[in-house]
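To start, the structure itself, in structure tokens.
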Amino acid sequence: MKTIDTRFGEVEYDPSNVLHFPEGLIGLDQLKHFLVMPNKKDGPLFWIQSVDDPAFAFVVTDPTQFFFDYLVVPDTKEREKLGIDENGACFILAIVSISPEKKISLNLSGPLLYAPETNRGLQVILEDARYSTQTPLPEIEKK
Amino acid sequence: MLVLTRKPGEGIVIGDNIIIKIIEMKSGGVRIGIDAPKDTKIYRHEVYERIHQENIDAAAGWDLNDLDILSDKLADRTSKK
């Protein structure tokens with residue numbers, strides 16, 4: 001077991017549970033190793049803690065729970081980087097941000113691909129005008 | 001920054017395997033062709049910068065308690081679908 005000092009306090013982790021992002025995040029290529037923090041509450045949000053920079057942690061969610069038609073399919077090159085073949089499972093995660101008014105939005109133009117088989121991840125850029133780095137959650141109809 | 005003047009049809013070679021060509025100039029824009037190895041990541045600069053900045057901002061905005069509060073709200077919401 002190893003430990004790092006984070007905003008969650010001292011975190012002990014098993015190096016074999018570390019998610020590996022071989023290219024880091026976009027513009028932050030020094031951040032290659034992450035931990036999924038255990039959640040205190042059930043829910044769709046998860047803390048991801050950087051191992052390389054203990055001050056860096058962010059929140060992700062499964063965007064398809066909120067945007068039903070959101071689809072990201074990794075291409076051959078991306079599958080190669082994730083270490084999976086065309087049958088390997090690949091999940092899509094979106095980075096969640098919170099405004100000072102406590103409204104949350106999802107970064108749908110820079111999603112993360114995650115391959116559970118290899119524990120590897122990759123941030124990709126979608127140049128699709130429908131998606132923004134701060135896409136607000138769709139409004140829910142109030143009955 | 002290295003600044004070079006090129007005309008349409010001319011190009012630049014970067015390293016051993018990247019070629020950038022000026023295709024044409026049209027209505028204030030410059031069309032550029034790029035030949036590079038498949039694994040070279042190529043993005044429009046402003047798109048790349050936006051995602052870089054959002055990665056930093058998204059990590060900075062959270063308070064530890066926010067997640068618990070929002071988890072309750074969202075759990076309710078996702079279970080309804």
Residues being assigned to a loop (DSSP other than H, G, I, E, B) and at pLDDT 95 or above: count how many of those fall in the stretch B:18-43. 1
Note on B:Glu46: of the conditions (1) surrounded by 12 or more Cβ atoms within 10 Å (Cβ to Cβ); (2) not in a loop (DSSP other than H, G, I, E, B); (3) not aliphatic (A, V, I, L, M), unmet is (1)
Kindly check whether there is at least one residue in the stretch A:88-98 that is farther than 22 Å from B:Arg77 by Cβ and surrounded by 15 or more Cβ atoms within 10 Å (Cβ to Cβ). yes
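Each row is one residue, and each column tells you yes or no for (1) modelled with pLDDT of 95 or more; (2) more than 20 Å from B:Arg50 (Cβ to Cβ).
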position: A:Phe56; (1), (2): no, no
position: A:Gln65; (1), (2): no, yes
position: A:Phe68; (1), (2): no, yes
position: A:Val73; (1), (2): no, yes
position: A:Ile95; (1), (2): yes, no
position: A:Ser99; (1), (2): no, no
position: A:Asn107; (1), (2): yes, no
position: A:Val124; (1), (2): yes, no
Apart from one, (1) under 13 Å from the mean Cα position of the chain (by Cα); (2) farther than 20 Å from B:Lys41 by Cα; (3) at pLDDT 95 or above all hold for A:Pro44; the odd one out is (3)
What pairs come up if the first residue lies in the stretch B:27-39 and is without any contact (Cβ under 8 Å) to a residue 60 or more places away in the chain, the second is surrounded by 11 or more Cβ atoms within 10 Å (Cβ to Cβ) and in a strand (DSSP E or B), and their beta carbons are under 6 Å apart, counting only those six or more places apart or on different chains? B:Arg31/B:Ile23; B:Arg31/B:Glu24; B:Gly33/B:Lys21; B:Gly33/B:Ile23; B:Ile34/B:Ile20; B:Asp35/B:Ile19; B:Ala36/B:Ile18
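Considering only residues of the stretch A:57-69 that are of a type outside the set (Val, Ile, Thr) and touching a residue at least 40 places away in the same chain (Cβ under 8 Å), which is surrounded by the most Cβ atoms within 10 Å (Cβ to Cβ)?
A:Pro63
Listed here are the residues, each with its yes/no results for (1) part of a strand (DSSP E or B); (2) of a type in the set (A, V, I, L, M, F, W, C); (3) within 14 Å of chain B (Cβ to nearest Cβ).
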position: A:Val60; (1), (2), (3): yes, yes, yes
position: A:Leu71; (1), (2), (3): no, yes, no
position: A:Glu80; (1), (2), (3): no, no, yes
position: A:Leu93; (1), (2), (3): yes, yes, yes
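The values are calculated or read from the model by the stated rules, or taken from the named source; none is laboratory data. As the structure is a computational prediction, the values presented were derived from the model and not from experiment. Every residue, glycine as well, gets a Cβ built from its backbone with ideal geometry; the counts of neighbours run over all protein chains shown.
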